[in-house]
Amino acid sequence: MIERIKELQKAVESFSPKNIEEIEEFRLKFLSKKGLIPALFNEFRDVAAEEKKLVGVEINKLKQFTTDKLNELKSLLVVTENNTVDIDLSRPGDPIKLGSRHPLSVARNEIITIFTRLGFVVGDGPEIEDDDHNFGKLNFPADHPARDMQDTFFISSDLNVLLRTHTSSVQAHEMSEMKPPIRSLAPGRVYRNEAISARAHCLFHQIEGLYVDKNVSFADLKQTLDYFAKEMFGEHTQIRMRPSYFPFTEPSAEVDVSCTLCNGKGCNVCKGTGWLEILGCGMVDPNVFIAAGIDPEIYSGFAFGMGIERITMLKYGIKDLRLFFENDLRFLEQFTAAY
Ligand code: DAH
């Protein structure tokens with residue numbers, strides 16, 4: 001009887017159906033009430049007592065194996081309209097479409113790569129901030145208009161917890177938590193209560209840079225940003241600095257690059273001026289150092305902050321900021337990059 005069981009096992013193993021009918025035939029032949037396997041159980045009654053244990057185990061194994069195979073065949077089955085089995089394991093798989101990086105990620109990674117060549121290290125800070133890190137430690141006077149409800153999304157009713165309005169808040173963390181020399185970059189999301197338009201959004205991205213050490217000068221700042229502009233927009237790019245005001249830097253400046261479209265000749269993108277504003281910067285205000293426990297008599301530093309959307313728009317000639325947030329594949333698929 002063991003021989004018969006082995007033969008059946010082989011038959012089951014080698015069975016490969018061509019269509020659904022053959023699978024049904026297989027079931028009838030082996031597992032149905034009048035099938036070969038139940039027949040074995042009938043014969044089993046007459047097996048000699050001393051063989052019963054061995055034969056019983058083998059019949060059960062065969063039954064289990066056959067049931068498993070039947071279930072597997074059924075689950076593999078792809079039935080086409082005319083009820084034929086359609087499994088062609090040699091067919092090449094369907095190609096999986098590769099995504100592309102979001103243009104803001106492409107630009108962010110490129111900015112980071114440029115500054116890491118100068119020794120800057122990427123840091124991080126919370127998007128939900130307290131007043132102190134977003135404003136107080138950055139030397140914003142208590143009545144500064146940027147704290148006004150119109151600009152800031154407040155979370156707590158005492159106006160102490162808010163969504164950060166700029167990545168400069170990361171400076172406040174880093175200066176309190178790290179010891180100079182500090183050379184950090186902080187990319188991330190920022191929020192402002194602004195009406196959404198082609199040029200403004202309530203959510204956007206910035207990258208903050210901070211360099212604190214002994215003897216850091218304004219010339220170092222200018223040289224760093226000049227290097228950045230040439231790497232980012234091309235070697236013929238010029239920068240110019242215009243005096244400006246930020247509470248946390250003194251002196252402060254806004255930086256323009258020569259227009260990437262007309263090379264400074266004047267066009268409608270640069271509104272005929274030949275220049276495009278890209279960032280704000282300055283020397284870290286002594287009050288900011290004192291708030292962070294760094295001695296301004298020993299250390300000096302520079303900081304800068306830029307909008308990633310703005311840089312991306314200039315680099316790729318994108319005219320409407322809302323495109324970044326709409327996730328329209330026709331727009332996104334145009335940005336493939338190694339970054
Ligand atoms: N935080 C400023 C803003 O959001 C940008 C900025 C200006 C950052 C000057 C700086 C800086 O680090 O030094 O408009």
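Somewhere in the stretch 208-216, is a residue within 15 Å of the ligand (Cβ to nearest atom), surrounded by fewer than 22 Cβ atoms within 10 Å (Cβ to Cβ), under 19 Å from PRO251 (Cα atoms) and over 24 Å from the mean Cα position of the chain (by Cα)? Yes. Among the residues of the stretch 154-199, those identified as within 13 Å of the ligand (Cβ to nearest atom) and part of a loop (DSSP other than H, G, I, E, B) are ARG164, THR165, HIS166, THR167, ARG192, GLU194. The residues of the stretch 266-314 that are under 31 Å from the mean Cα position of the chain (by Cα) and assigned to a loop (DSSP other than H, G, I, E, B) amount to a single one, VAL269.
Could you please find all residues in the stretch 134-191 being closer than 27 Å to PHE228 by Cα and either aliphatic (A, V, I, L, M) or not assigned by TED's automatic domain parsing to the domain that holds THR113 (or both)? Within the stretch 134-191, LEU138, VAL170, ALA172, MET175, MET178, ILE182, LEU185, ALA186, VAL190 meet the criteria.
The set of residues in the stretch 83-129 that are surrounded by 11 or more Cβ atoms within 10 Å (Cβ to Cβ), part of a loop (DSSP other than H, G, I, E, B) and touching a strand residue (DSSP E or B) at 6+ places or on another chain (Cβ under 8 Å) comprises ASP86, LEU118, PHE120, GLY123, ASP124, GLY125, GLU127.
Return yes when TYR227 is over 29 Å from PHE325 (Cβ atoms) and either more than 15 Å from the ligand (Cβ to nearest atom) or among the hydrophobic types (A, V, I, L, M, F, W, C) (or both) and no when it is not. Yes. Residues in the stretch 144-172 that are within 25 Å of PHE289 (Cβ to Cβ), surrounded by fewer than 20 Cβ atoms within 10 Å (Cβ to Cβ) and of a type in the set (A, V, I, L, M): 1 in all.
The values are calculated or read from the model by the stated rules, or taken from the named source; none is laboratory data. Everything numeric here is computed off the predicted structure, so don't read it as measured data. Please note: Cβ atoms are built from the backbone with ideal geometry, for glycine as well, and neighbour counts cover all protein chains shown.
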